[in-house]
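The values are calculated or read from the model by the stated rules, or taken from the named source; none is laboratory data. Computed from a predicted structure; not experimentally measured. For neighbour counting, all protein chains shown are included, and Cβ atoms are generated from backbone atoms with ideal geometry for every residue, glycine included. Side chains included, ligands, DNA and RNA excluded: accessible areas come from the protein's heavy atoms. Shrake-Rupley method; radii C 1.70, N 1.55, O 1.52, S 1.80 Å.
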Amino acid sequence: LAARISNYFALRVSGLQVSIRTAEQLLTQMEKQMQLFTILLAAVGSISLVVGGVGVMNVMLVSVTERKKEIGIRRALGARPADIRNQFMIESVILALLGGLIGILLGLGVSALIAQIQNWQVVISPGAIGLGFGVAAAVGIFFGSWPAIQAARLDPIQALRSD
């Protein structure tokens with residue numbers, strides 16, 4: 001069909017260049033654009049997760065450094081390294097979940113605001129919210145494990161002598 005239309009105009013007007021796109025070609029081009037946007041969104045999301053994770057790790061490392069005496073006292077009173085590690089892991093997961101909750105609430109609010117301004121229908125997927133919490137917990141576990149291990153490895157005597 002596209003070739004017939006092109007030939008028709010070529011016979012009618014000499015030297016006329018006609019470009020014809022079918023609906024299938026337009027849909028294919030739109031699908032390629034959607035894939036590119038998905039890749040870009042995934043890249044931005046991944047970078048955001050790494051930045052957030054590094055933030056969690058830094059906060060937890062500062063917490064371990066500032067609480068050396070507390071760790072030393074707990075160890076001297078019989079706390080096992082696993083107890084110390086679990087304490088800091090729980091703290092890092094809670095910190096990450098609070099960040100995830102704030103992100104989810106901001107996402108819901110901004111989505112509702114844009115939908116109201118543009119008169120769009122918005123559908124919130126409960127699975128996406130669950131996935132957000134799951135990813136936040138995973139970030140807390142992954143990036144909080146190093147500070148928790150460092151806290152668990154502290155020598156009680158050295159920890160009690162620290163400033």
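Mean Kyte-Doolittle hydropathy of 1.0 or higher plus an axial Cα length of 27 Å or more: which whole DSSP H helices in the chain meet both?
Helices passing the filter in the chain: 23-66, 81-118, 126-153.
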Over the chain, the sum of -39500 (n - 2.57) across DSSP H runs of at least four, divided by residue number and rounded to 500 deg cm²/dmol, gives at 222 nm -29000 deg cm²/dmol
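Heavy atoms only, probe 1.4 Å: what % of the accessible area of the chain goes to carbon and sulfur, would you let me know? Present the calculation step by step, with values, prior to reporting the outcome.
Values: 7890 of 11830 Å².
Percent of accessible area from carbon and sulfur atoms in the chain: 67.
How much accessible area per residue does the range 1-132 have, counting only protein heavy atoms and a probe of 1.4 Å, in square angstrom?
Working: 10010 Å² over 132 residues.
With the other protein chains kept in place, the range 1-132 gives 76 Å² per residue.
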Filtering chymotrypsin sites (Phe, Trp or Tyr not before Pro) in the range 68-160 by DSSP loop and by at most 12 other Cβ atoms within 10 Å leaves TRP120
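How big is the charge dipole of the chain about its Cα centre, in debye rounded to the nearest 20, if each Lys and Arg gets +1 on its Cβ and each Asp and Glu gets -1 on its Cβ? Could you put the intermediate results ahead of the total?
On the way: 13 positive and 8 negative charges, 42 e Å.
Using only the charged Cβ atoms, the result is roughly 200 debye.
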The answer for trypsin sites (Lys or Arg not before Pro) in the range 4-107 that fall in a DSSP coil and have at most 15 neighbouring Cβ atoms within 10 Å is ARG21
Residue span LEU36 to ILE114: 0.36 nm per residue of separation minus Cα-Cα distance leaves a gain in nm of 25.8 nm
